[in-house]
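The structure under discussion appears below in the form of C-alpha cells.
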Amino acid sequence: MCSPYAANCRWFSPFHIKSSSEKSDIEPGSFRSRRSSRKNLSLLLRTDAAVKAIRRKANSSKYTNLWPKAVLEALDDAIELNHWESALKIFSLLRKQQWYEPKCRAYTMLLLMLGRCKLPDEAGVLFDTLLSDGLRPTLDVYTALVTAYSSGGLLEKAMLIVDEMKNPPPDAFTYSPIIKSCFEHGRLGAIPSVLDRMSASGIERTGVTFNILIDGYGKARRFGAMERRLGEMIEAGICPDVYTFNSVVGAYGRCGMIGEMERRFDEFRAMGLNPDAVTCNTMIRSYGLRGMHDKMMNVREFMRKRFISPTVATYNAVIEAYGRAGNVEKMEEVFLEMKEGGLKPNKVTYTSAVKGYGRAKEKGLKGVGSVVRQVENNGDAALDTGFFNCAMEAYGNGGDLEGMMELFRGMARFGCEPDHVSFAVVRKHGVDL
C-alpha cells in the first residue's frame, strides 16, 4: 500500500546535518586522506557520545546551550525509532536552547511519529505547543495532525480539524489518512460521507485516494466495491499503478480465489503494468496456501527471468508452503538458498521452519533443535512468544518434554514471556507447573 503522502510532499528529516565524511573528496591513498579519515572517525565517535549524553540530559532543565548537532541528531534518532517519550523529552530540551528557532517541519515529523504510535492526545498537546511557539500551521502540519487523530481512531476529531482548515485549505492528501482509518477501524459506512465532503469542497480524488479505497475494500472482501472504485479510477483518467495491481491481485489471492487472481494479473500486465516483488510474493503465498507448489515455483522462475530479486518475504512464503506440506527436505533447501543469497532469516522464517519440523514429529526434532541453536547463536532475529510456542509444540509432539520445558523456562533470555498458549501447550503434554 502506498503512503498517502508520497505523491504530494516529501517530508525529509529537518534534523539531519551533513557530516564531513559526506562531503569529502580527498584522493584515496594520500596521507591527507588517512589523516582526514582518522579525524572523521574521531568526530563521529565524539558525536555519538554527545548524542547519548543528550538522552541522559533530556530530563533536566538546566542545560540551555548544548551542542546543536548532538541535540538534533538525538531527536532525529528517537523519531526514527518511534521512541516517542524520549523524542518529546529531547524536543522539550531543544526548545530551551538559546539557539532554538521554531520550525513547522520539526513539528510535522513529531506529529507523524505520534500518529505511528497511535497517540492522538499527545499529538493534540504538541499542536498546542506549536501554536504557543507563534508558528502558523502549514498544510503538512495539519495533514500530520489529521493522521495522528485518524490512526488513533478519533475520526470525528480528525474531520473537525479538516472542516476548520481555511488557510491553508485541505487537499486530497489531507483526507487520505481519514479514509484509510475508516477501513482500519471498521467504519466503512462513513466512507461515502467523507468522499461527499471532499467533492463538496471541490477536491478531486487522486491516484492515492483511489489506491486507498481499492486496497481497503479488497482487504475487507468487498470485491464489488473494490471493482467499482477501480472502474471510477479509470473513468477519471487516472492510470492504475503497481500499487493498484498489488491490491487487486492480493485481495483475490488472500481469499483463495486463484482463478480471479490469475485473470487480473494477466489483465494488468496487458495494460502495460509490470509486477514487482510484492506482486510475486502475494502469488507465491496464495499458491503455497493451496498446496499448488508447481505454480508457486513457476512464479519463482518468472522472478528470475524478469530479474526481480527475491526478498525475505519470498523465501518465508516458500518455506511456509513446504513446511505446511511436511516437505522438510525442500524446506531446508530453500532455507539454505536464502542464507547463501545473503538474506537474513527473521522471526517469520524461523517460526515457519519450526512449524514445518513440528509436523514431522520425531523426525523433525533434530531440525527444531538446529533452528533453536541458530537463533541462540545469531541473536539477530527479534523473536516473539509465538516462535517459542511453535517450538514447544514441536518438541511436545515429538515426545521431548525436557526440551519443551527448557524452552519454556528460557523465554526470558530473549525478552519474551509465556502467554496462555504457552501454558496450554505445556498442559496438553501432561506437564504440571
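The values are calculated or read from the model by the stated rules, or taken from the named source; none is laboratory data. This is a predicted model, so every value here is computed, not measured. Here the Cβ is made from the backbone with ideal geometry for all residues, glycine too, and neighbour counts use every protein chain on show.
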Being in contact with a Cys (Cβ under 8 Å, 6 or more places away or on another chain), part of a loop (DSSP other than H, G, I, E, B) and under 23 Å from Ala321 (Cβ atoms) narrows Leu383, Leu343 down to just Leu383
Residue pairs, Cβ under 8 Å, 6 or more apart or interchain, first in the range 199-222 and more than 10 Å from Ile238 (Cβ to Cβ) and without any contact (Cβ under 8 Å) to a residue 60 or more places away in the chain, second part of a helix (DSSP H, G or I) and among the basic types (Lys, Arg). List them. Leu213/Arg229; Ile214/Arg229; Gly216/Lys180; Tyr217/Arg229; Lys219/Arg254
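Leu407 - would you say it is assigned to a helix (DSSP H, G or I), surrounded by 13 or more Cβ atoms within 10 Å (Cβ to Cβ) and at pLDDT below 90?
For Leu407, the condition - assigned to a helix (DSSP H, G or I), surrounded by 13 or more Cβ atoms within 10 Å (Cβ to Cβ) and at pLDDT below 90 - is met.
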Looking at (1) within 22 Å of Tyr315 (Cα to Cα); (2) buried (at least 21 other Cβ atoms within 10 Å of the Cβ), find the lone condition where Asn346 falls short. (2)
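Checking the condition closer than 23 Å to Ala394 by Cα, touching a helix residue (DSSP H, G or I) at 6+ places or on another chain (Cβ under 6 Å) and either of a type outside the set (Phe, Trp, Tyr) or crowded, with 23+ Cβ neighbours inside 10 Å (or both), which residue from Ala321, Ala325 passes? Walk me through it before giving the result.
Details: Ala325 fails: touching a helix residue (DSSP H, G or I) at 6+ places or on another chain (Cβ under 6 Å).
Exactly one residue qualifies, and that residue is Ala321.
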Members of the range 413-433 that are in a helix (DSSP H, G or I) and at pLDDT 85 or above: His420, Val421, Ser422, Phe423, Ala424, Val425, Val426, Arg427, Lys428
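If I ask for residues that are small (Gly, Ala, Ser) and closer than 20 Å to Gly124 by Cα, which ones from the range 154-192 would you list?
Let us first name the residues in the range 154-192 that are small (Gly, Ala, Ser), namely 158, 172, 176, 181, 186, 189-190.
Those that are small (Gly, Ala, Ser) and closer than 20 Å to Gly124 by Cα: Ala158, Ser176, Ser181.
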Whichever residue in the range 251-280 is small (Gly, Ala, Ser) and assigned to a helix (DSSP H, G or I) and, among such residues, is farthest from Arg229 (Cα to Cα): Ala277
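So if I check each of Tyr350, Tyr395, which one is within 30 Å of Ile308 (Cβ to Cβ), of a type outside the set (S, T, N, Q) and part of a helix (DSSP H, G or I)?
Values: Tyr395 fails: within 30 Å of Ile308 (Cβ to Cβ).
Exactly one of Tyr350, Tyr395 is within 30 Å of Ile308 (Cβ to Cβ), of a type outside the set (S, T, N, Q) and part of a helix (DSSP H, G or I), namely Tyr350.
Looking only at the range 206-240, count how many residues are on the phi < 0 side of the Ramachandran plot and surrounded by fewer than 16 Cβ atoms within 10 Å (Cβ to Cβ). So that I can check it myself, show each step before the final result.
Taking the range 206-240 and keeping what is on the phi < 0 side of the Ramachandran plot, we get 206-220, 222-236, 238-240.
The next check asks that each one be surrounded by fewer than 16 Cβ atoms within 10 Å (Cβ to Cβ); those that pass are 220, 224, 228, 231-232, 234-236, 239.
Qualifying residue count for the region: 9.
Given the criteria over 29 Å from the mean Cα position of the chain (by Cα), at pLDDT below 85, part of a helix (DSSP H, G or I) and of a type outside the set (A, V, I, L, M), does Gly369 qualify? Give the steps one after another, and end with the answer.
Working: over 29 Å from the mean Cα position of the chain (by Cα): yes; at pLDDT below 85: yes; part of a helix (DSSP H, G or I): yes; of a type outside the set (A, V, I, L, M): yes.
So Gly369 passes the test.
Tell me the residue from Ser309, Ser286 that is under 26 Å from the mean Cα position of the chain (by Cα), surrounded by fewer than 23 Cβ atoms within 10 Å (Cβ to Cβ), within 30 Å of Leu343 (Cβ to Cβ) and of a type in the set (S, T, N, Q), please.
Matching residue, one of Ser309, Ser286: Ser309.
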Kindly list the number of the only condition in (1) modelled with pLDDT under 90; (2) surrounded by fewer than 17 Cβ atoms within 10 Å (Cβ to Cβ) that fails for Ala58. (2)
